[in-house]
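First comes the structure, then the notes that go with it.
The values are calculated or read from the model by the stated rules, or taken from the named source; none is laboratory data. Values in this document were obtained by computation on a predicted structure and should not be read as measured data. Heads up, the Cβs are rebuilt from the backbone with ideal geometry, glycines too, and the neighbour counts pull from every protein chain shown. Surface accessibility is based on the protein's heavy atoms, side chains included, excluding ligands, DNA and RNA. Shrake-Rupley method; radii C 1.70, N 1.55, O 1.52, S 1.80 Å.
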Amino acid sequence: MGGVEDDEPPTKRVKVSLGGKRGLANNSSHLEPATGSLYNSMARPLPSDGGDEEMVGSKGIIKKMEFVRIITEALYSLGYEKSGSLLEEESGIPLHSSLVGLLRKQVLNGNWEESVATLHKIGILEENTLKSASFLILEQKFFELLGKERVIEALQTLRTEITPLNINVNRVHELASCVVYYSQPKSVGSSNGEVVSGKSRSKVLEELQKLLPPAVMIPGRRLENLVEQALNVQRGSCVFHNSLDSALSLFSDHQCGKDQIPSRTSQVLESHNDEVWFLLFSHDGKYLASSSNDRSAIIWEVNGDGVVTLKHKLTGHQKPVMSISWSPDSRQILTCGLEDVIRLWDVNSGECLQVYEKSGLSFVSCEWHPDGNRIFTGLIDKSICMWDLDGNELECWKGQRTLKISDMAVTSDGEKIITICRETSILILDRVAKVEKLIKEDQVITSFSLSRDNKYLLVDLFNQEVHLWSLEGDFELVSKYKGHKRSRFIIRSCFGGFEQGFIASGSEDSQVYIWHRGTGELLEKLPGHSGSVNCVSWNPRNPHMLASASDDRTIRIWGLNSVNLKRKEKQENGVVHHCNGRA
């Protein structure tokens, strides 16, 4: 992918020499309960009848009373009122104590003074918790009085009931300002009807659940949360997990096999006339673009059945095409030649819409701004420029911003530009805050890729390692991936699979390597190419589709090695489909 000089990172073909008031109504006061003992032994809710509590489950670690209560809560939350009531009656274990049940009824009926009195009877001793819960109830009373235009009573509630609690002074001031603007319901944050609605009171109960100890008032949808946690643990411990969440079942423990990793060649694409250096799936996963030493780029279409066919062959570059960048909406594409111009293409028609040039200078990299109306380019003079789509230069950052051969990435907010600025350093340029940070490696950096969530950077190194860096806070090296071969050329890696849980890389030994992102374990080595594998790309919308580009002038599409695919291959006498551009 282009030659290198002694002071540059390795590229293709040449060996390297080492050396306000709105919205106040019905909002939570956001008061945190204080830590410490919340209730004494006489007030503990729903105690057992003496002796050890009855346990259920094979491990003997689940308290039967708690288990039955969260099941009952789940039935009610799902709308099965009769079943929930029947379970309470049959088990003899009520969902709530009589006092908590009374409190809930009083809140929903708007009996505010009685609600506060019941709070004190439940037995909560921690003063701050009791005050916070009382504040929440009385605040709702205040807003409902305002909604009914009973301003004097609302003001009296504020002065004689809320203020004496001596907490959340700023919120008290906000409530006082609402009295001034009571005649403008929108300034209070809600219409009169919304203020007095039962839905609003239900929200008060939800906030009370967060304040009161879980044993007193079970958090909403607690059983669902426990099940989700269990499924997340199973998914997280599954090394080969590469399927959608809909594949998870409660009927059995989850465990994926290697058959969820794309490892079988489903197609070989043969329309390039020379080494294929780069390829990248579009953001919507419907297209694949590739570029080659033959000075062309190709747009491939991923059909509904997963078959990839040639859509357009893009010609016009006078030098090999080094890289490609898809527009955010996947309707346009940029191609960058090796120290050449940058071309903008329409994906649907294959027409060249714009050629970007700068007098006396050539380009080495390109990337889209997330708004789709601007692009960033790296130039041979090591500067970075921003352009509109009509070819007008908007801004330029000069200095040691990029190398002759460089990747480029832009974060999804458009604020940070990432490039290789020195042989062993990556520059993160915050163009808004005007701050520059560096990721420094000990080895020569050959390429990198940014994760979809902008939190991680995958860095390919000259020493046959791929490093994973965290970009949050202080930059941190998280993991290393080893095993692939790289001695002379640029070899690119990528994130991929479900939630980008895998790392794939090309290799000079003609294989594709796949690691588990979290553990660093090498999961697969995929043979098939007859030349160095220069670049890989994982379909962002299909975790079971991977593509690889090689010096053997081909692109391989990898899919699942499932039983059905094996049967189909057997029926077709083991012949792998080849595509030479003719559908």
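Things to note:
- Among (1) assigned to a strand (DSSP E or B); (2) at positive phi, the one test that SER365 misses: (2)
- Which listed residue, of LEU280, LEU223, is open to solvent by less than 80 Å² (accessible area, probe 1.4 Å), over 27 Å from PHE448 (Cα atoms) and among the hydrophobic types (A, V, I, L, M, F, W, C): LEU223
- Any hit, region 185-193, residues being farther than 19 Å from VAL107 by Cβ, in contact with a Cys (Cβ under 9 Å, 6 or more places away or on another chain), modelled with pLDDT under 90 and not in a helix (DSSP H, G or I): yes
- Residue that is surrounded by the most Cβ atoms within 10 Å (Cβ to Cβ) [pool: residues in region 437-471 that are part of a loop (DSSP other than H, G, I, E, B) and within 19 Å of the chain's Cα centre (by Cα)]: LEU471
- Of all residues in region 410-436 being aliphatic (A, V, I, L, M) and under 17 Å from ASP388 (Cα atoms), the one that is most open to solvent (accessible area, probe 1.4 Å): VAL410
- Residues of region 333-352 that are more than 32 Å from the chain's Cα centre (by Cα) and not small (Gly, Ala, Ser): LEU338, GLU339, ASP340, VAL341, GLU351, CYS352.
- When region 112-154 is filtered for residues that are open to solvent by 50 Å² or more (accessible area, probe 1.4 Å) and part of a helix (DSSP H, G or I), the ones remaining, listed by number, are GLU113, GLU114, HIS120, LYS121, GLU127, ASN128, ILE152, GLU153.
To keep it simple, each residue is scored yes or no on (1) at pLDDT 90 or above; (2) of a type in the set (S, T, N, Q); (3) closer than 26 Å to SER282 by Cα.
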| position | (1), (2), (3) |
| --- | --- |
| ILE426 | yes, no, yes |
| LEU438 | yes, no, no |
| GLN443 | yes, yes, no |
| LEU450 | yes, no, yes |
| LYS455 | yes, no, yes |
| ASP460 | yes, no, yes |
| ASN463 | yes, yes, no |
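- Residue within region 321-337 that is out of contact with any Gly (no Cβ under 6 Å at 6 or more places or on another chain), over 30 Å from GLU270 (Cβ atoms) and charged (D, E, K, R) present: no
- Any chance SER323 is of a type outside the set (Val, Ile, Thr), modelled with pLDDT under 95, in contact with a Phe, Trp or Tyr (Cβ under 6 Å, 6 or more places away or on another chain) and crowded, with 23+ Cβ neighbours inside 10 Å: yes
- PRO214 open to solvent by less than 70 Å² (accessible area, probe 1.4 Å), closer than 30 Å to VAL100 by Cβ and either assigned to a loop (DSSP other than H, G, I, E, B) or at pLDDT 90 or above (or both): no
- Looking across region 377-392, the residues that are modelled with pLDDT under 90 and open to solvent by 30 Å² or more (accessible area, probe 1.4 Å) come down to ILE380, ASP381, LYS382.
- For region 62-111, a tally of residues being under 30 Å from GLU161 (Cα atoms) and either open to solvent by 50 Å² or more (accessible area, probe 1.4 Å) or part of a helix (DSSP H, G or I) (or both) returns 13.
- Scanning region 243-275 for residues that are out of contact with any Asp or Glu (no Cβ under 8 Å at 6 or more places or on another chain), part of a loop (DSSP other than H, G, I, E, B) and open to solvent by less than 20 Å² (accessible area, probe 1.4 Å) yields SER243, CYS256, SER271.
- Residue match in region 565-578 (condition: modelled with pLDDT of 95 or more and open to solvent by 30 Å² or more (accessible area, probe 1.4 Å)): no
- Considering residues of region 393-409 that are modelled with pLDDT of 90 or more and under 21 Å from SER451 (Cβ atoms) only, the residue surrounded by the fewest Cβ atoms within 10 Å (Cβ to Cβ): ALA409
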